[in-house]
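> Have a look at this one before I ask anything.
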Amino acid sequence: MKIARHQLLGVFFTSMGALALEVILTRIFSVTMWYHFAFLAISLSLMGSAVAGVVLYLIPSLSQPENARRWIGWLALALSAAVPLTFLIYLQIPFKPVLMNRDQWFSGGQWLWLAVIYLDLSLPFFLSGFTISLALSGWAAEAGRIYWADLTGAALGCLFSIVALEWLGGANALLGASVLLALGGVAFTNGWIPRRRAQWASVGVAVLLLALVGSNVLAPWLLIRVNKAGGVESPPIYEKWNAHSRVTVYEPQNFPFFWAVTPKYWDKTVAQEDVRMAHALLLIDGVAGTPIQNFNGDLEQVKFLRYDLTSFVYHMIEKPDTLVIGPGGGRDVLAALATDAPHVTAVEVNPAVVDAVRGPFAEFAGNLYTRPDVEVVVADARGYIDRSPKQYDVIQASLIDTWAAGGSGAFALSENSLYTQEAFQTYYEHLTERGYLTVSRWYLPDRPAETLRLVSTGMAGWRAGGVSDPRQHIVVIANLTSGAQTEGLSTVLFKRTPFTAGEVAKVQAQAEELGYTVIYAPGTLPTEEVGAFIAGDEHAAFIASYPLDISPATDNRPFFFNLILLGDLFDPTLSGSGVYRTSMEAILILFGVIGISVAFGALLIGALFWLSKPRARRTPLVRPSGRLLGYFAALGAAFMLVEIPTIQKLTVYLGRPVYSLAVVLFSLLLFSGMGSLWSGSWAEKDVPRRIRQVFVVLFVLLILHPFLSIAVLKVTLGLALGLRLLVAVLLLSILGFLMGIPFPTGVRWAGTHRPGVVPWLWGVNGVMSVLGSALATALSIHVGFQSALLIAAGVYGLAGWLLTRELQKIKNLSAD
């Protein structure tokens, strides 16, 4: 029996809603938990689908087309209702992902609550996986068309999630995804005469869910008010969601905001209850703060900002044409204007932040972002500077990191293209002859690894720009007294030309006047690790012997903030620091989520097999061969090994993480769907020859793609955004098309020659996709994106070899 068009439409809406739900959950997890938990959404989705496949394998009667037709509609109906119900339960679970050491995680029972969250939110993905697996099993001969509908729906689900988060916010976007899933139920039950009530039930659920979205928009009743400490946050006076983050603003406080200021200036020049120095705190995903400074248009009012360590550069240069990276609420912009900067270019990646400062807080901020001497650009600063023909006297980046998950849902461990060797080379090339790059990062006197990594990366960038001795171009100033927001702060000045003796003397005099410490300047004797590293000759040996990872970050390994090596995970001297603890927790949580995923999957699958033993003795189950299992396992891992590094690589080129997410997921899924549809038209006798050809071409393309794409992206970086989007889509089109062929071809072959094993193969593919996504992240961190893609080519090559062996065996059996 052929699958009907309305059933393909049901697959389309189910996949669209499930992918949208996955992306939306990554955003919500980054607000309610730390960004590290974004990987949890991927794990929930893939493991839920995997378990569903095994359940269907153990109940093969459901795979009969008539039974599949009967149950698939009810499954879709249950799926749409499960989304809001499981989310409401999730909001009540007292999970507290606060910054703890590992003993507190276990003694406080937090891992148990994480397991409860996993069980709760995996239900919708189990039901969606069951629905798709049921369709593939019931109509295995048409796997190409089904997989096409599945991937096309997922591609559009990615776009839907971005639009829904922008227009509806987190909770409403999630309800919107449940409406899509309800439409899948309507499509599945259309034309099912024996159970007309199922159609009415599906329509009723869809209408009800749509009404819930409307009511929550008009009079919000479902709000996300759970913060990362597990408590209820204070009501914000402003809230805005998008695919990049959730932005909230709170009641203004009548005292100034400093990252680091010495007590000398805090006590003598700052009146703590002066309303003129008030600020409204803007939080990104509930934790990364940037102040919106009260400003009445008089720059004398904000002169106090020059006392902050992050503004030290403005004591070294007059009237600088300035570019501020990540201006947030505009504090660094005001500091530059207060130094008589004639023009400030403020490049902010998050449009929600700019909307807040330009919109409801415009009067409070003195209409800062509409001043004629301020140009605000919404873009990734690295890409913007790369494309700009202009040079600047000052490029400033003060503590640019949000701890927020990218919309991809990939476990990014905070990859950041602003802090790489290639980025620093770009900064160097865009400085005037008197220009400075000023970067502020955390400084811990006992182990200043973050400042060390900043210095090593900057020196590598300056060297790549043609500087023979970068040591003459660097000054490092630190705040070693109280008054910093955390353990300590440093500001590193990278100068286009070497520091002169007069400039070094000026640095020392200004630092002494402001109460700061110069820990390195050319011609001075180092007194601690950062200075010793810069002044020394054996930089590579110092990096290799240092207990943390302070090697220069690169575009191929842009994980600047991942300072902790695997051997340091249980170092008690690091767990007491908030700066290093986040890096430790990121790795531990990755392993924890993988462990929970595998444990639950293994326990459930084992239990299901044990429960099925009595029935299996009466009706033995068809077993897939090891080669076939290996083939589908390799496909699951390989697809993720391509997808995740590609999303991360394109962020710089396209200018915003959300563009990279949309283009990569949309292109790979859409073109994979087209490849799937095309493979379904192959004649049975041509399948072995054609699939071998596909694997050869795919293997070669994946070997060449990392190198060819770098060349193409570099040449086209200066194009307008629309053209860059087109270039990215074209680069991924052939790759996605070929990657969409192996899975449905294997399902079609297995459905013909080993009927009944398709759900089991679907399950193995899902489990390995979970592990593959984690492996992709681990490989990207330790060996880089290019190596991860080369390994993906090897895994696809292994899959091709396994399928070839399977096809040859079946051919030999047929000949006998």
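The values are calculated or read from the model by the stated rules, or taken from the named source; none is laboratory data. Note that the coordinates shown come from a computational prediction; the quantities given were computed from them, not determined experimentally. Quick reminder, even Gly has a Cβ in these numbers, built from the backbone with ideal geometry, and neighbours come from all protein chains shown. SASA here: full protein model, heavy atoms, side chains in, ligands and nucleic acids out. Shrake-Rupley method; radii C 1.70, N 1.55, O 1.52, S 1.80 Å.
> Suppose R0 equals 22 Å; then what is the FRET efficiency for LEU704 and LEU726 from their Cβ-Cβ distance, rounded to the nearest 0.05?
Given R0 = 22 Å and the Cβ-Cβ separation, E is 0.60.
> For region 637-686, build the convex hull from the C-alpha positions and give me its volume per residue in Å³.
Considering the Cα atoms of region 637-686, their hull volume per residue is 78 Å³.
> What nm distance separates the two modelled labels at ILE89 and VAL783, each placed 7 Å from Cα along Cα→Cβ?
4.0
> How far apart, in nm, are the 7 Å Cα→Cβ label points at ASP469 and LEU112?
6.3
> Among the listed pairs LYS2/LYS809; LYS390/LYS495; LYS319/LYS506; LYS495/LYS714; LYS319/LYS390, which have their C-alpha atoms separated by more than 19 angstrom in this model?
Check vs 19 Å cut-off fails for LYS2/LYS809; LYS495/LYS714.
> Which three lengths, in whole Å and largest first, does region 669-803 cover when its Cα atoms are put on their principal axes?
Result, largest extent first: 53, 34, 22 Å.
> Determine the sum of side-chain charges near VAL507: Lys and Arg each +1, Asp and Glu each -1, restricted to other residues whose C-beta is under 12 angstrom from that of VAL507.
Result for the neighbourhood of VAL507: -1.
> Tell me the label-point distance for the pair VAL697, ALA599, using the 7 Å Cα-to-Cβ offset, in nm and rounded to one decimal.
Here the modelled spin labels are 4.6 nm apart.
> Roughly how many percent of the accessible protein surface of region 620-778 is carbon and sulfur, given a 1.4 Å probe and a whole-percent answer?
For region 620-778, the apolar C and S fraction of the accessible surface comes to 76 percent.
> Another question, then. In region 114-139, whose amide N lies under 18 Å from the spot 7 Å out along Cα-to-Cβ of THR752? List them in ranges.
136-139
> To continue, here is another question. Determine, from the Cβ-Cβ distance of SER234 and VAL203 and an R0 of 35 Å, the FRET efficiency 1/(1 + (r/R0)^6), rounded to the nearest 0.05.
My answer for the efficiency is 0.25.
> Please give me the summed charge of the neighbours of GLY718: other residues whose Cβ is under 15 Å from its Cβ, Lys and Arg +1, Asp and Glu -1.
+2
> Tell me which residues come under 5 Å, amide H to amide H, from ARG246 once H is placed; ignore anything under 5 positions away on its chain.
Those lying under 5 Å, H to H, from ARG246 are ASP285.
> Report the charge-dipole magnitude of region 679-816 in Debye, nearest 20, computed about the Cα centre from +1 at each Lys and Arg Cβ and -1 at each Asp and Glu Cβ.
160
> P(r) for region 491-548: what percent of alpha-carbon pairs falls in each 10 Å bin, starting at zero?
20, 47, 25, 8
> Right, here's the next one. Could you please report the charge total around ARG690, scoring K, R as +1 and D, E as -1 over all other residues with beta-carbon less than 14 angstrom from its beta-carbon?
Every neighbour counted, the sum reads +2.
> With +1 on each Lys and Arg Cβ and -1 on each Asp and Glu Cβ, and nothing else charged, work out how big the dipole of region 297-398 is about its Cα centre, in Debye to the nearest 20.
So the dipole magnitude of region 297-398 works out to roughly 120 debye.
> Put one equal scatterer on each alpha carbon of region 652-727, apply the Debye formula with no solvent term, and list log10 I(q)/I(0) at q = 0.18 1/Å to two decimals.
Debye curve over Cα of region 652-727, log10 I(q)/I(0) at q = 0.18 Å⁻¹: -0.89.
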